[in-house]
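The values are calculated or read from the model by the stated rules, or taken from the named source; none is laboratory data. Because the structure is a prediction, the values reported are computed rather than measured. Heads up, the Cβs are rebuilt from the backbone with ideal geometry, glycines too, and the neighbour counts pull from every protein chain shown.
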Amino acid sequence: MDAHVAMSHVVWAVFWAVSMASLAAEGTLQATHTNNWAVLVSTSRYWFNYRHAANVLSMYRTVKRLGIPDSQIVLMLAEDIACSPRNANAGQVFNSKSHAINLYGDEIEVDYRGAEVTVETFLRVLTGRHDPAVPNSKRLLTDKNSNILIFMSGHGGNEFLKFQDQEELNSQDIADAIAQMHDTKRYNEIFFVVDTCQASTLYNRIASPNVLAMSSSIKDESSYSYEVDLQTGVYVIDRFTYFILVVMENVDMNSRTTIMELFRSLRRDRLGSTAHIRTDLFRRDASTVRVTDFFGSVLNTKMTTKRYPYKGNFVSASRKGEVGLPSLMEPLKVDPIPVLSNAIQIPKQDPVPMMNIMVVTSVVVLFLSITWAALLGHLQTGKTAEIKRVSSFLMMKVSDQLSSWQEMANLHLRRGKVPYVKMWSEVDKHYIEVYCTDRPGLLSDVTMHLRGFPLEIMHAKISTEEDGYVRDTFQVQPRENSLLDMEKIERHLQKALLLC
């Protein structure tokens, strides 16, 4: 009897351990999607709803900045604010009264506008039930490996969202559409974000798995606008969207910011309403889900040890001092007194390994020995003229070889220097100094590495020689309503430039 009791205890212990392990694994599941899509919808018409279009265009700019291409974004604007006759800034839309960023730039691609934006159109986009004449550019061509961000902004109420101030999309419509998407394997995970009054009620009836939802307000609460622009005469953005942007403007493709960190930043004292998140349908722990799992692109990389079989013609990089961007060719307009902070310099390494020196020395000794033996042979045979000719030829070759070795040594010495970064600030100006070896096109490299940060490169001073290094100085400034994490930028650049 005791043996049976002991055995039952062992079985229960194993069952409990397996259960706990499965729960732990469930909470730490990794993202398995292979592509990201975005459906961005402004449902309101009329000029006084300017902010709803600005909300959606702000999200459009964010997902494009983080790598999602237009081919994987469906943008729906019920009112063409940019071309409204009441718009004092024709062809432009802003989300701040400072007009720092034009959200309606040359590269915008609006898929559905004006009267095309209806409840039926939206549901057809989600479910993929289009008329055959609808082009692929207006379709959501997702599969079972797709993560989808759905962002909607407009006027709503308890379990409904108004379209064009004429019809309503209700919570059951949304639940049914997502259920169809699940049945037809049109998504891996969905992040459903709504900025409207009583927004959380819109996802009350969703029952499909792997749906994460976040909203600007709960039942019986209104959502509030943030900033009014006296030139346009209307509010230009809502609070919920604005404070999402405060976080997202500091996110790059490698950011580890999670959905829960984003949600916790949406405090009631900022919004004036209660932000809400629904996680019960989602298989992963929202505190481990990165925002880039939905707002950013998926970079598919394949590790290989083989050389790529490139068959074209290589184009040489630009020479030192040449800059591809004309606006960056101007010298610095100020002569700053550097106040050094957080400078990083890696100790210099031995540029020429001892083994290389021994090999070169051995080759030189062997070459001279063979030459001397040949000269002795000619001396013994009395061929003086030929000796002079051979001596001149050999001296020329030795001289050329020594010059070549000297250039190689100089190159090794320069390459042996490890690149490093210095940064400092002066009042409201920020400076980055990059110390590297002779690197054509360094400016384009730096601008590429800084692309994911919310800053603008104002001026650059190119290629000043110092102690065997090339020093390049960049003046940068944060974008509107953005804060610069200078230490993070410095670490990122230091890591990237080690490849110099």
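Return the residue satisfying two criteria in turn: it lies in segment 59-82 and is small (G, A, S) and either within 23 Å of the chain's Cα centre (by Cα) or assigned to a helix (DSSP H, G or I) (or both), and of such residues it is surrounded by the most Cβ atoms within 10 Å (Cβ to Cβ).
Quick first cut of segment 59-82, residues small (G, A, S) only: 67, 71, 78, 82.
Cutting the leftovers down to either within 23 Å of the chain's Cα centre (by Cα) or assigned to a helix (DSSP H, G or I) (or both) gives us 67, 71, 82.
Details: G67: 17, S71: 10, A82: 19.
Looking at residues that are small (G, A, S) and either within 23 Å of the chain's Cα centre (by Cα) or assigned to a helix (DSSP H, G or I) (or both), I get A82.
Do the conditions hold for S200, that is, is it among the small types (G, A, S), in contact with a Leu (Cβ under 6 Å, 6 or more places away or on another chain), over 18 Å from I68 (Cβ atoms) and surrounded by 15 or more Cβ atoms within 10 Å (Cβ to Cβ)?
Details: among the small types (G, A, S): yes; in contact with a Leu (Cβ under 6 Å, 6 or more places away or on another chain): no; over 18 Å from I68 (Cβ atoms): yes; surrounded by 15 or more Cβ atoms within 10 Å (Cβ to Cβ): yes.
No: the conditions fail for S200.
Examine segment 274-282 for a residue that is modelled with pLDDT of 60 or more, part of a helix (DSSP H, G or I) and surrounded by 19 or more Cβ atoms within 10 Å (Cβ to Cβ), and state whether such a residue exists.
No, segment 274-282 has no match at all.
Tell me, which residue of segment 83-125 that is of a type in the set (D, E) and over 21 Å from R65 (Cα atoms) is farthest from the chain's Cα centre (by Cα)? Explain how you work it out, then say what you get.
Initially, segment 83-125 is screened for residues of a type in the set (D, E), giving 106-107, 109, 111, 116, 120.
Remaining after also requiring over 21 Å from R65 (Cα atoms): 116, 120.
Values: E116: 32, E120: 34 Å.
For segment 83-125, the residue satisfying everything is E120.
With the condition being in contact (Cβ under 8 Å) with a residue 12 or more places away in the chain and assigned by TED's automatic domain parsing to the domain that holds G154, I'd like the helices (runs of 4 or more DSSP H) fully within segment 227-271 carrying at least 3 qualifying residues. First the steps, then the outcome.
Details: elements: 239-248, 259-264, 268-271.
Hits in segment 227-271: 239-248, 259-264.
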Give the residues of segment 283-294 that are in a loop (DSSP other than H, G, I, E, B) and among the aliphatic types (A, V, I, L, M), sorted by residue number. V289, V291
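Take D106 and tell me if it is among the acidic types (D, E), in the same structural domain as T232 (by TED's automatic domain parsing) and at pLDDT 95 or above. If you could, list the steps in order and put the result at the bottom.
Details: among the acidic types (D, E): yes; in the same structural domain as T232 (by TED's automatic domain parsing): yes; at pLDDT 95 or above: no.
Judged against the criteria, D106 is not a match.
What about Y46, is it under 23 Å from M248 (Cα atoms) and modelled with pLDDT of 50 or more? Give the steps one after another, and end with the answer.
Details: under 23 Å from M248 (Cα atoms): no; modelled with pLDDT of 50 or more: yes.
In short, no.
Give segment 41-58 a look and list any residue that's surrounded by 20 or more Cβ atoms within 10 Å (Cβ to Cβ) and not in a helix (DSSP H, G or I), or say none.
So in segment 41-58, the residues surrounded by 20 or more Cβ atoms within 10 Å (Cβ to Cβ) come out as 41-45, 49-58.
If the condition is that a residue be surrounded by 20 or more Cβ atoms within 10 Å (Cβ to Cβ) and not in a helix (DSSP H, G or I), then V41, S42, T43, S44, R45 are the ones that fit.
Counting just the residues of segment 123-177 that are in a strand (DSSP E or B) and aliphatic (A, V, I, L, M), which one comes out surrounded by the most Cβ atoms within 10 Å (Cβ to Cβ)? Quick ask: steps written out before the conclusion?
Of all residues in segment 123-177, those in a strand (DSSP E or B) come to 146-153, 156-157, 160-163, 167-170.
Filter once more, so that each one left must be aliphatic (A, V, I, L, M): 148-150, 152, 161, 169.
Numbers: I148: 26, L149: 24, I150: 26, M152: 27, L161: 29, L169: 24.
The qualifying residue surrounded by the most Cβ atoms within 10 Å (Cβ to Cβ) is L161.
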